[in-house]
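What follows is a single structure, written as structure tokens, with notes after it.
The numbers here are math on the coordinates, done by the rules we state, and not lab data. The structure displayed is predicted, hence computed values, not measured ones. Every residue, glycine among them, receives a Cβ derived from its backbone with ideal geometry; neighbour counts consider all protein chains shown.
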């Protein structure tokens, strides 16, 4: 046994250390031009499939318009007054519901997040209410307010407030007390404290909730207008469907889709400007 240990010791002493050669890992960065071309190719393929499907017997029986007919009808509606009235009504309902969800969800969520007792006592109520489908409360809202802007705003607010409230609770629960002490020791003004301490810390928590609230509230606004008959794009879709004007119906559907794309593009731009310091943003640069 002793001879074996001596032999192993000699082998260890004469062994040269192996040098580990590491190859540099190239970061995968997406080329903006290539990504844009890929997205355009997918959109073009979807339009081609839609155009080909419009020639089938199933589409002909349902009077499904082709993308060419839908876009031509959209260009005709753009120069009409009712089109912009419907678009403005939808944007008004969506924007007001979103602002209300911010004004209520953030302070309530921050207050509950800073209070352990408040968070524990309200957990069941929040989990119960946020699982209720938003469209399921449309009958109740119709009974209370009728087919009005208030009905649409209430239903959309009920959808958008929960993601923001939950993210605000998480932000308050995971707030770093060291940052508050540093700001106090440097005697920062309230404006500097909000700009350099609170906003960068909490915005990373708020932003996912804001993006979810924006998308969900827009969908629910159009759905509430469609089901409840309130003024807006949803009601315009329903009216076109009732009189068998499928090109007009698809034109309003495309309008709602373009609104969603535009809002998402604005949010992406704001995210890059406001959260440029976040690791997820640094990877894209």
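Remarks
- Residues within the reach of a label modelled at residue 244 (point 7 angstrom out along Cα to beta-carbon, backbone nitrogen below 11 Å), restricted to segment 50-81, are 63.
- Residues residue 60 and residue 174, FRET efficiency given R0 of 41 Å [Cβ-Cβ distance, rounded to 0.05]: 0.10
- In this label model, residue 116 and residue 49 are separated by 5.3 nm, measuring between points 7 Å along each Cα→Cβ vector.
- Extension reserve of the residue 269-residue 39 stretch, reckoned as 0.36 nm per residue once the Cα distance is removed: 81.0 nm
- Stretchable slack from residue 85 to residue 190, in nm (0.36 nm times residue separation minus alpha-carbon distance): 33.6 nm
- By the count of neighbouring beta-carbon atoms within 10 Å, fewest first, 164, 49, 210 end up ordered 49, 210, 164.
- Peptide packing: for 65-73, 152-160, 79-87, the average count of neighbouring Cβ atoms within 10 Å per residue gives the ranking 152-160, 65-73, 79-87, highest mean first.
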